[in-house]
Amino acid sequence: MGVIEEVEQADENPNSPAFRGSFTAGVAFADSTNVVEDEDASKDNNDEGNVDDVEGEAEDAGEGKDDDDQPVAIAVNQEELKQEIRERLFEGAPAAEPVALDKWKKWHVWGAVLTAVMVTITIVGLIVGLTNARNKDGEDNGSLPTLGSIKKRGYVRCAIGWLNELETDLCKALAAAALGNSSAYEVVEVEWADRWPILANKSVDIVTLLSTLTMDRDVHQAAAKTGFSFSTPLFYDGAIFGGLSTYLECADRRDAFFGVCKGVRVCITEGSSTYNVVSDFLPDSIFRQVKYEDLVKGMKDGTCNVIVETSIDVSLHKVREAGFDDDDYKVGKNYFSKTPLSTVVRQDDQQWADFVNWVIKAFFVAEQQNITNANAQEFMTTDVFGPEYKNMFINAISAVGNYEQLYMKHLDESIPRGGLNVINNGSTALLYAPPFGTIKDETTEVKNSIMIETIQERGVLHCGERKSETWSELGAEYCKALAASLFNGDTSKIKFIEIASDNDGLSMLDSGNIDVLSGGPVNLLGDVGGATELDFGHTFSLPYYYEGNDEIALVTQESDPKWSDFVYWTVAATLYADEYQIKQDFYLDMPVVKVFGPRLEDMFRQTIKAVGNYREMNAKLVDDDVDQGARNEQNLNPYKAQIYVPYYAPPNMG
């Protein structure tokens with residue numbers, strides 16, 4: 001493959017340090033077997049990696065047919081079936097009928113019995129339905145999860161764009177991780193605005209075109225009418241102006257109104273999140289929205305005298321490379337936005353989202369451990385995604401290298417490495433709120449969250465609480481913030497349920513006894529699944545506290561992405577308020593939120609009204625003389641190192 005189609009068990013104790021913040025919960029250090037071969041050497045013959053051949057062989061095989069054209073038994077992968085049952089069961093679960101709180105206990109037993117019956121019936125129906133979904137021709141009809149579809153198809157399909165060489169390398173790494181063959185990929189070049197519908201309609205498996213993580217895209221992207229899952233940011237940047245010096249100075253000081261500054265004309269990429277930022281302080285009339293490839297062309301033909309995009313796009317190197325060589329061209333001094341750039345996948349397949357996310361994190365770990373593509377066999381192995389993916393991290397690093405290698409190869413010439421794009425060693429701030437994007441506009445066709453509806457109809461939020469941790473009280477405050485967001489400011493509508501351990505909390509999430517866990521360490525096993533008997537995966541909010549090697553976050557069951565999004569952005573709201581100095585008494589300065597529908601449009605205001613911003617929350621709970629560590633401060637301009645390396649076990653704990 002590799003072609004461009006131009007279309008638009010670690011430590012068994014769950015509370016041990018190896019489990020509690022570990023990248024390698026459920027991993028071991030590798031031997032040198034079953035590792036992806038060199039891209040060229042991996043081909044046993046001239047046909048390997050040819051998509052047409054692979055698909056043709058599948059058609060010729062004629063699986064699922066017999067001579068009499070009668071229904072026949074179709075082999076079903078039990079792990080895939082279990083995953084689909086799990087996803088569909090929670091996706092389609094009916095919301096509970098409203099029950100008065102004083103009657104809830106009376107009906108609890110009958111409710112549990114009825115629920116068990118419904119679950120049993122649903123599982124039987126799903127087994128039949130999912131088996132029949134694989135028709136007599138052996139085709140899948142779209143029911144396979146993404147990893148299963150990739151395996152069946154024989155290659156990974158990625159959408160790329162502005163940084164196509166880096167984005168192609170990311171696709172290559174995922175092909176190596178998922179299939180053991182770094183050549184088994186196809187890249188599709190797309191326009192910025194087209195990436196969302198192309199991903200939503202399953203034309204690609206992933207958008208490796210690095211895209212800004214924003215709330216509106218995460219929860220409900222307007223064009224695609226759905227939300228998406230973003231990986232850990234691979235690269236941090238920001239909006240900055242570049243242009244002819246006189247007009248650049250005007251734009252940099254936000255002046256398009258007086259004297260020569262009235263002549264400012266700014267080219268900006270259509271569909272870019274940057275427009276939402278700069279149009280807040282400059283008039284719409286000065287902007288010229290163009291295709292990304294025409295950004296510098298606008299400078300050459302006089303359409304504009306200033307351009308605005310990320311610092312890569314406006315860098316002198318990039319502009320000269322595009323053929324604009326006016327000596328008067330300069331780059332501005334001020335950043336006007338946060339731009340955490342991530343890969344993006346669909347929100348309906350959390351297993352694939354987790355797979356991609358932990359491959360990205362592996363690049364960071366590898367750099368810290370001085371593991372490159374030359375000695376990738378020294379990296380750790382894992383079976384959390386199944387034994388066939390044991391060497392997924394080794395294969396990815398073998399294919400493209402570690403984070404430093406990727407950065408130096410693709411980015412350093414335009415933006416010398418520094419600032420946010422350096423590994424945080426614990427000596428500087430690490431709390432960081434991603435931008436909200438367009439959340440004030442009326443949104444139609446918002447998909448409902450079963451969890452949010454269930455909690456509101458129940459009339460109380462169930463929050464699992466650890467009382468023995470440094471961050472316990474802060475976690476409890478975040479549960480109060482969630483209750484305030486859900487119940488129009490009423491923080492009394494919450495029930496705290498004490499839990500004994502991290503594993504106990506995850507198990508209670510999986511069984512439905514709690515809606516959210518007030519704090520837990522982000523780790524591979526807890527994220528993907530396998531930490532509890534039910535083997536469900538979980539979703540972690542934005543981290544709100546760092547303690548030793550642990551990054552602490554709120555935790556939810558991953559079956560309802562909208563509920564997980566709600567929790568994530570509630571935490572982000574407290575950091576945003578702190579960054580913009582919006583205190584509890586001025587909660588009305590927080591933005592209105594439309595992406596969760598009209599009933600929840602005041603969620604941010606109710607959060608800050610109830611608990612205050614992050615600094616206020618901390619001040620109420622922690623004595624001034626307690627050293628919380630440098631990481632538990634906001635990383636603000638001038639920005640410091642933001643790349644976080646998940647804790648991993650040393651070799652003797654593998």
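The values are calculated or read from the model by the stated rules, or taken from the named source; none is laboratory data. Quick caveat: nothing in here was measured; it's all calculated off a predicted structure. When we count neighbours, we look across all protein chains shown, and the Cβ atoms used for this are built from the backbone with ideal geometry, even at glycine. Ligands, DNA and RNA are excluded from the accessible area calculation, which covers all protein heavy atoms including side chains. Shrake-Rupley method; radii C 1.70, N 1.55, O 1.52, S 1.80 Å.
Residue count for segment 572-596 satisfying the condition of being open to solvent by less than 10 Å² (accessible area, probe 1.4 Å) and either at pLDDT below 95 or at positive phi (or both): 1. Answer with yes or no whether Gly386 is closer than 30 Å to Val277 by Cβ, modelled with pLDDT under 95 and surrounded by fewer than 23 Cβ atoms within 10 Å (Cβ to Cβ). Considered against the rule, which asks whether it is closer than 30 Å to Val277 by Cβ, modelled with pLDDT under 95 and surrounded by fewer than 23 Cβ atoms within 10 Å (Cβ to Cβ), Gly386 comes out as no. With the structure loaded, tell me whether Asp527 is assigned to a helix (DSSP H, G or I) and open to solvent by 30 Å² or more (accessible area, probe 1.4 Å) or whether it fails that test. No. On the stretch given as segment 216-270, residues that are of a type in the set (A, V, I, L, M), in a helix (DSSP H, G or I), closer than 23 Å to Val331 by Cβ and open to solvent by less than 20 Å² (accessible area, probe 1.4 Å) total 2. For segment 539-559, residues that are over 19 Å from Gln628 (Cβ atoms) and of a type in the set (A, V, I, L, M, F, W, C) total 2.
Is there a residue being more than 30 Å from Asp535 (Cα to Cα), outside any helix (DSSP H, G or I) and β-branched (Val, Ile, Thr) anywhere in segment 608-621? No: zero hits. Filtering segment 401-416 to residues that are within 23 Å of the chain's Cα centre (by Cα) and over 22 Å from Val528 (Cβ atoms) leaves Gly401, Glu404, Gln405, Leu406, Tyr407, His410, Leu411.
Yes or no: Ile415 of a type outside the set (D, E, K, R), surrounded by 15 or more Cβ atoms within 10 Å (Cβ to Cβ) and at pLDDT below 95? Yes. Every test in (1) farther than 12 Å from Arg346 by Cα; (2) buried (at least 22 other Cβ atoms within 10 Å of the Cβ); (3) more than 14 Å from the chain's Cα centre (by Cα) is passed by Trp196 save one, and that test is (1). Just name the residue that is farthest from the chain's Cα centre (by Cα) out of those in segment 371-386 that are more than 27 Å from Ser229 (Cα to Cα) and hydrophobic (A, V, I, L, M, F, W, C). For segment 371-386, the residue satisfying everything is Ala374. Among the numbered conditions (1) surrounded by fewer than 16 Cβ atoms within 10 Å (Cβ to Cβ); (2) at pLDDT below 95, the only one that Asp301 does not meet is (2). Residue count for segment 420-441 satisfying the condition of being open to solvent by 40 Å² or more (accessible area, probe 1.4 Å) and closer than 23 Å to Lys333 by Cα: 1. Filtering segment 321-338 to residues that are hydroxyl-bearing (Ser, Thr, Tyr) and over 15 Å from Ser245 (Cβ atoms) leaves Tyr335, Ser337. Does Leu209 satisfy the condition of being hydrophobic (A, V, I, L, M, F, W, C) and buried (at least 21 other Cβ atoms within 10 Å of the Cβ)? Spelling it out, Leu209 is indeed hydrophobic (A, V, I, L, M, F, W, C) and buried (at least 21 other Cβ atoms within 10 Å of the Cβ). Filtering segment 488-505 to residues that are open to solvent by 80 Å² or more (accessible area, probe 1.4 Å) and either farther than 18 Å from Thr570 by Cα or of a type in the set (Val, Ile, Thr) (or both) leaves Lys495, Glu498, Ala500.
Regarding segment 447-462, can at least one residue be identified that is assigned to a loop (DSSP other than H, G, I, E, B), open to solvent by 40 Å² or more (accessible area, probe 1.4 Å) and not basic (Lys, Arg)?
yes
Of all residue pairs spaced 6 or more apart or on separate chains, those with beta-carbon atoms under 7 Å, a first member in segment 571-600 that is aliphatic (A, V, I, L, M) and a second member that is open to solvent by 60 Å² or more (accessible area, probe 1.4 Å) and assigned to a helix (DSSP H, G or I) are Ile582/Asp589. One residue stands out in segment 472-521 among those that are among the aliphatic types (A, V, I, L, M), part of a strand (DSSP E or B) and over 25 Å from the mean Cα position of the chain (by Cα): the one that is nearest to Glu457 (Cα to Cα), namely Ile494. Ser398 meets all of the listed conditions (1) open to solvent by 10 Å² or more (accessible area, probe 1.4 Å); (2) under 26 Å from Asp550 (Cα atoms); (3) in contact with a helix residue (DSSP H, G or I) (Cβ under 6 Å, 6 or more places away or on another chain) but one, namely (2). Flag: Val277 matches the condition of being within 21 Å of Trp196 (Cβ to Cβ) and in a helix (DSSP H, G or I).
Look at Asp565 and say whether it is over 22 Å from Asp348 (Cα atoms), in a helix (DSSP H, G or I) and in contact with a helix residue (DSSP H, G or I) (Cβ under 9 Å, 6 or more places away or on another chain).
Numbers: over 22 Å from Asp348 (Cα atoms): no; in a helix (DSSP H, G or I): yes; in contact with a helix residue (DSSP H, G or I) (Cβ under 9 Å, 6 or more places away or on another chain): yes.
For Asp565, the condition - over 22 Å from Asp348 (Cα atoms), in a helix (DSSP H, G or I) and in contact with a helix residue (DSSP H, G or I) (Cβ under 9 Å, 6 or more places away or on another chain) - is not met.
Somewhere in segment 257-267, is a residue under 25 Å from Gly419 (Cα atoms) and either at pLDDT below 95 or in contact with an Asp or Glu (Cβ under 6 Å, 6 or more places away or on another chain) (or both)?
Here is the first cut: in segment 257-267, the residues under 25 Å from Gly419 (Cα atoms) are none.
Scanning segment 257-267, I find no residue that is under 25 Å from Gly419 (Cα atoms) and either at pLDDT below 95 or in contact with an Asp or Glu (Cβ under 6 Å, 6 or more places away or on another chain) (or both), so the answer is no.
Quick check: is even one residue across segment 383-404 among the hydrophobic types (A, V, I, L, M, F, W, C), in a loop (DSSP other than H, G, I, E, B) and more than 20 Å from Pro646 (Cα to Cα)? Break it down into steps so the answer makes sense when it comes.
To start, the set of residues in segment 383-404 that are among the hydrophobic types (A, V, I, L, M, F, W, C) comprises 384-385, 392-394, 396-397, 399-400.
Now narrow it down to the ones that are in a loop (DSSP other than H, G, I, E, B): 384-385.
Cutting the leftovers down to more than 20 Å from Pro646 (Cα to Cα) gives us none.
Checked against the condition, which is being among the hydrophobic types (A, V, I, L, M, F, W, C), in a loop (DSSP other than H, G, I, E, B) and more than 20 Å from Pro646 (Cα to Cα), segment 383-404 yields no hits at all.
Only one residue in Asp313, Asp284 is among the acidic types (Asp, Glu), more than 30 Å from Leu524 (Cα to Cα) and open to solvent by 20 Å² or more (accessible area, probe 1.4 Å), so which one is that? Walk me through it before giving the result.
Details: Asp313 fails: open to solvent by 20 Å² or more (accessible area, probe 1.4 Å).
Checking each option against the conditions leaves just Asp284.
Does Asp627 satisfy the criteria of being modelled with pLDDT of 95 or more, over 30 Å from Thr381 (Cα atoms) and open to solvent by 60 Å² or more (accessible area, probe 1.4 Å)? Criteria not met by Asp627.
Taken together, the residues in segment 339-370 that are of a type in the set (D, E, K, R) and over 16 Å from the mean Cα position of the chain (by Cα) amount to 1.
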